[in-house]
Amino acid sequence: MNISNLLRNTFVFGMLLIFSCKSEPKKLNLQEFMWLQGTWITQDSSSIESWAFQNNEWIGNVYAPKVGKITENLRIYQEGSDLIYEAKVVDQNNGKGVQFKMESTSADSLHFVNMTHDFPNQIDYFKTSDSTLFCNVYGKQSEGKGFEMKKLKE
């Protein structure tokens, strides 16, 4: 066997090894975030956010009591190996959702990012207790707001 045949065979074997090791995207267990389940109200009562786990994804909405309507539809779902937070704001973006990719997570927090969106660029949820969530929405220069939400009795 000459050197060119040896190199070609080594290359072919290496490529076969690489492609045979390719795995399916890791399935995340979205049920790990059951602390998100329920209806949450901001301290100033300006916003009520509800989350429910349905068909292996989280479905949420934001209701504004002062205007008496849902202002945002939310969704957290898996796409390939990514966890996506999607927000559809009523009367904005031609009814299309804006996606934020999960950048990090822990047992009590979720961090989503979309640096190409105008605002916000990052959305965080933190479980601070069984009855309290803290949410941050902020931009590229960390401008934005944070708000605490209390869980409503069900």
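A short reminder: the numbers here are calculations on the coordinates, not readings from a lab. For clarity, every value in this text was computed on a predicted model and none was experimentally measured. Virtual Cβ from ideal backbone geometry, glycine too; neighbours counted across all protein chains shown.
In table form, for the structure just shown:
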read-out: Viscosity 1.567 mPa s, 4 °C: Kirkwood-radius Stokes-Einstein D of the stretch 29-79 over Cα pairs, µm²/s; value: 112 µm²/s
read-out: Cα-based radius of gyration of the stretch 28-151 once divided by 2.2 N^0.38 Å, which approximates compact folds; value: 1.00
read-out: Debye, to nearest 20: dipole size of the stretch 28-151, +1 on Lys, Arg Cβ, -1 on Asp, Glu Cβ; value: 300 debye
read-out: Listed peptides 53-60, 117-124 by packing density, highest first (mean Cβ within 10 Å); value: 117-124, 53-60
read-out: Segment L30-K150, extension gain: residue separation times 0.36 nm, minus the distance between their alpha carbons; value: 41.0 nm
read-out: Which of T39, T71 has the fewest Cβ neighbours within 10 Å, and the rest in rising order; value: T71, T39
read-out: Proxy reagent accessibility, fewest Cβ within 10 Å first, across F126, F100; value: F126, F100
read-out: Which listed pairs, of K88/K140; K101/K145; K69/K150; K88/K153; K66/K153; K66/K151, have C-alpha distances above 23 Å, in listed order; value: K88/K153
